[in-house]
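**Q** Structure provided below as structure tokens; questions to follow.
The values are calculated or read from the model by the stated rules, or taken from the named source; none is laboratory data. From a predicted model like this one, the values you see are computed outputs, not experimental measurements. Here the Cβ positions follow ideal geometry from the backbone for every residue, glycine too, while neighbour counts run over all protein chains shown.
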Amino acid sequence: MSERMIAVVPEHWRAVVEFLMAPITWIPRMQELILAFFLYSDTGWAAAGKYLFLLFPVLLWVGAVWCTQLSIYTLPFRSHRVNFFSTLVLAWWDGTRAVWLYWVGLFRVAAVTMGWAFTLVRLAVKLGMETGRQVLILPFTMTGKMTTSYFKPGVPWIAFLMLLFWCAIETTIFTYTLFPTVSEVLADIAGVETPIFTGPILSMFLFLLIMGSFACIQALIEAIKAREIKFLVQMVLVELFVMFFEVMFLYRELVDAITPWIAQQTSEELRLGIGFTLSVATFGWLGIRGMTWFLFGQFGTPPLIAFISRRPMVVSEAAAAEAAVEGPAWWRAPVEDFKREIGWLHEKSDELLEYLALPALHVLAAMVNFGLILVAARPIFSLPFKSLKAVMETRELLATAHMQPKKVNP
């Protein structure tokens, strides 16, 4: 390109133009050789190595050569030429350090990446071994937690479920024994066959009635504990009415159904009638209610009443104190670990970004310094950079690089 430009110049001026362009005429040829060096490679790995290790240093070299050679043309017009020459030499020194830091930074990124990969692999192996261990000891851990939670005070869910299950059993039995009688009564009253929804309605009615029986016993026990005579008398009367109703309409039918030979058998010596049937039904009610009450009724009825009334259960002071000193919820530890891992990931990502950016930014900053030395006779960046934050503060750099006009003495 320079030869073509010289050929355009008149012949008697060619010697002068060649002398003036001598500092830069060799640079385009050098750039062609460098371009050919990067474009032609034997293998892909060789091309990757050239671009990775030599592209930025070669760009810095070309930019530094252009700025240095062009500054020769500005020497006659500059003041403080010694300072300018010193600044240019220091810029070459900073450029050399930038290339060295670029190569060192590449090796540091490779070393850090290998270290992180090794750490992640070790962490994965550790987590895998810990997961396997947890899977192996999971039955023992679950058994220990269930045993520990079972013996701690709290809502007696087992008694509550057993109470509901027992009420359902009694409902099924009494529905089966009372359904023929109820069907006959409805048929006599309405004069039609029994509707199909009689069974479900009867079951629901009996289920509520049986739960109410346990609730009446709980109210009687609370009245005895409170020693309120008036309320105690009322609950005794209510409990007698409940017992009479259940004995007459439920347990008597059950006795008639399962022991017909006792309820209906009569002899010359023993006259067994309605009194014997009611006695068996009464003792049956007392026995069944007593056994179920002492087994699970006294523990399952309070949660049932609290659930129906939507009121919290009264917890003893010892149970409340133990619940207060109980450890944090099981999910808090994993959440805290997740937060720490996220913080660590952000911190390491910023660190990796700094490792990746600083080597190339050192070279680019050296190139910018050469351009500003050519234009403004001083660099803008102070190399090497301590961190990525020093590179991002461009507004402060522009403020410091603002050229102030020189004062002219009159």
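**Q** For region 55-89, what are the residues that are in contact (Cβ under 8 Å) with a residue 60 or more places away in the chain and under 24 Å from LEU358 (Cβ atoms)?
**A** PHE56, PRO57, LEU59, LEU60, GLY63, ALA64, CYS67, THR87, listed by residue number.
**Q** Please work out if PRO328 is part of a loop (DSSP other than H, G, I, E, B) and modelled with pLDDT under 75.
**A** yes
**Q** Now a separate question. Looking at region 156-182, I want the residues that are farther than 12 Å from LEU304 by Cα and have a partner that is part of a helix (DSSP H, G or I) and small (Gly, Ala, Ser) with Cβ atoms under 7 Å, at least 6 apart or on another chain. Which pairs are those?
**A** From residues that are farther than 12 Å from LEU304 by Cα, the pairs are THR171/SER203; THR175/GLY199; THR175/SER203; THR177/ALA257; PHE179/GLY199.
**Q** Taking GLN298 and the conditions (1) modelled with pLDDT under 70; (2) under 26 Å from PHE174 (Cβ atoms); (3) not hydrophobic (A, V, I, L, M, F, W, C), which numbered condition does it fall short on, given that it satisfies the others?
**A** (1)
**Q** Taking the condition under 18 Å from SER382 (Cα atoms) and part of a helix (DSSP H, G or I), does TRP100 pass?
**A** yes
**Q** Go through region 187-200 and count every residue that is surrounded by 12 or more Cβ atoms within 10 Å (Cβ to Cβ) and within 28 Å of PHE214 (Cβ to Cβ).
**A** Matching residues across region 187-200 total 2.
**Q** I want to confirm something. Restricting to region 1-41 and keeping residues that are within 30 Å of PRO57 (Cβ to Cβ) and not in a helix (DSSP H, G or I), which single residue is modelled with the highest pLDDT?
**A** Here the residue is TYR40.
**Q** So which residues in region 190-238 are without any contact (Cβ under 8 Å) to a residue 60 or more places away in the chain, of a type in the set (Ser, Thr, Tyr) and within 19 Å of LEU164 (Cβ to Cβ), if there are any at all?
**A** Passing the criteria: only SER203.
**Q** Moving to a separate point now. Residues that are at pLDDT 85 or above, in contact with a Leu (Cβ under 8 Å, 6 or more places away or on another chain), under 21 Å from GLY371 (Cα atoms) and part of a helix (DSSP H, G or I): does region 73-89 have at least one?
**A** Checked against the condition, which is being at pLDDT 85 or above, in contact with a Leu (Cβ under 8 Å, 6 or more places away or on another chain), under 21 Å from GLY371 (Cα atoms) and part of a helix (DSSP H, G or I), region 73-89 yields no hits at all.
**Q** Does LEU52 qualify as being loosely packed, with under 13 Cβ neighbours inside 10 Å and touching a residue at least 40 places away in the same chain (Cβ under 8 Å)? Break it down stepwise before answering.
**A** Details: loosely packed, with under 13 Cβ neighbours inside 10 Å: yes; touching a residue at least 40 places away in the same chain (Cβ under 8 Å): yes.
In short, yes.
**Q** Could you please let me know if THR194 is among the hydroxyl-bearing types (Ser, Thr, Tyr) and within 28 Å of PHE296 (Cα to Cα)?
**A** no
**Q** Could you grab me the full set of residues in region 79-122 that are among the basic types (Lys, Arg) and touching a Lys or Arg at 6+ places or on another chain (Cβ under 9 Å)?
**A** none
**Q** Can you give me the number of residues within region 42-52 that are part of a loop (DSSP other than H, G, I, E, B) and of a type in the set (Lys, Arg)?
**A** Total satisfying the criteria: 0.
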